[in-house]
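Where a number appears in this text, it was derived from the coordinates with a stated rule and is not lab data. None of these values were measured; they are calculated from a predicted model. Here the Cβ positions follow ideal geometry from the backbone for every residue, glycine too, while neighbour counts run over all protein chains shown.
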Amino acid sequence: MGILALFGCKSYQPLETVKNVDLSKYIGKWYEISSFPQSFQKGCSCSTAEYITTGKNYIKVLNSCNRDGGRTSATGKAFVKKNSGNAKLRVQFFWPFSGKYWIIDLADDYSYAVVGHPNRKYLWILSRTKQMDEILYKSICEKLKLNGFDISKLQITNHGCN
């Protein structure tokens, strides 16, 4: 029995990312289809993420949602990890804190993306449209389950707003 098993820790295969991300195709607006609930997103609906080229060594990140009767947003920076095929990023909203943002699934036509963290406590399913085909969504969830994500924690994002 391994030491992790003694302390009740789960061990997973290392989380794999997609091989390569064309950032020029990834840039733009994404709609959050579902995610693992996080404290910083509490009370949010109609959540979006927009990635904007800056011409510097980072990508501007603009996360927005409806909350408390209005639209709220947070701006951050995403830094690409070298030699990761642009699939591993470090996102920073409050200096000096940053988080791992790994692109673990991506449609060939960049119509959807799945972003996770290697500890499997953070997960977002994103789409270029507010809704995703149900069969596609279930297929993505099955792959996530096989990769050690507890998909029962996924919360569908409400996009019933303007």
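Quick rundown of the values:
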{"item": "Likely footprinting exposure, Cys141, Cys65, Cys161, fewest C-beta neighbours within 10 Å first", "result": "Cys161, Cys141, Cys65"}
{"item": "Over 27 Å between alpha carbons, listed pairs Lys19/Lys42; Lys88/Lys143; Lys56/Lys88; Lys42/Lys82", "result": "Lys19/Lys42; Lys42/Lys82"}
{"item": "Global geometry of the range 52-138, whether rounded, prolate or oblate, following the gyration tensor of its Cα atoms and the 1.5 cut on a/c", "result": "oblate"}
{"item": "Cα-centre dipole for the chain with unit charges at Cβ (Lys and Arg positive, Asp and Glu negative), debye to 20", "result": "580"}
{"item": "Inter-label distance for Lys25 and Thr72, nm, one decimal - labels placed 7 Å from Cα along Cα-to-Cβ", "result": "3.5"}
{"item": "Estimated translational D of the chain in µm²/s (Stokes, Kirkwood radius over Cα pairs; 4 °C; 1.567 mPa s)", "result": "78"}
{"item": "Stretch gain in nm, segment Ser98-Leu146, where the contour uses 0.36 nm per residue and the Cα spacing is subtracted", "result": "14.6 nm"}
